[in-house]
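Asker: Input: one structure, supplied below.
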Amino acid sequence: MQQSKQRMANWLSSVPEKITIGSRYVGEDGPVFIVAEVACNHMCDMELAKTMIDKAAEACVDAIKFQTY
């Protein structure tokens, strides 16, 4: 257990305080970065996936995450 805690502490110390995704700054004192989770809810239907992208854009999300298996 102690070894796991030490590994986590080591990892956290290596994480940068801020990063840039595209033109957006992401960090503790930056604005919220919103990711829409689409997963596989499009049921392999490309038109539905495109509609979901359009709806996410209308909602002003910063990114969309698709999951594949």
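Asker: Using the heavy atoms of the protein chains and a 1.4 angstrom probe, tell me the accessible area per residue for the chain in square angstrom.
Answerer: So the chain comes to 86 Å² accessible per residue, rounded to a whole number.
Asker: Once R0 is set to 35 Å, what does the formula 1/(1 + (r/R0)^6) return for the Cβ-Cβ distance between residue 55 and residue 17, expressed as a FRET efficiency to the nearest 0.05?
Answerer: 0.60
Asker: Placing unit charges on C-beta atoms (Lys and Arg positive, Asp and Glu negative, everything else neutral), compute the dipole magnitude of the chain about its Cα centre in debye, rounded to 20.
Answerer: 360 debye
Asker: Turning to a different aspect of this structure: Quick one: angle between helix 46-58 and the longest Cα principal axis of the chain, in degrees between 0 and 90, rounded to 10, please.
Answerer: 70 degrees
Asker: Say the dipole of region 1-59 comes from +1 at the beta carbon of Lys and Arg and -1 at that of Asp and Glu; which of 49, 6, 19 then lies farthest toward its positive end?
Answerer: 6
Asker: Then there's this: Extension gain residue 5-residue 24, at 0.36 nm per residue separation less the Cα-Cα distance, in nm?
Answerer: Residue separation times 0.36 nm, minus the Cα-Cα distance, leaves 3.7 nm.
The values are calculated or read from the model by the stated rules, or taken from the named source; none is laboratory data. In this text, all values refer to a predicted model and were calculated from it rather than measured experimentally. Virtual Cβ from ideal backbone geometry, glycine too; neighbours counted across all protein chains shown. Calculation scope for accessible area: heavy atoms of the full protein, side chains included, ligands and nucleic acids excluded. Shrake-Rupley method; radii C 1.70, N 1.55, O 1.52, S 1.80 Å.
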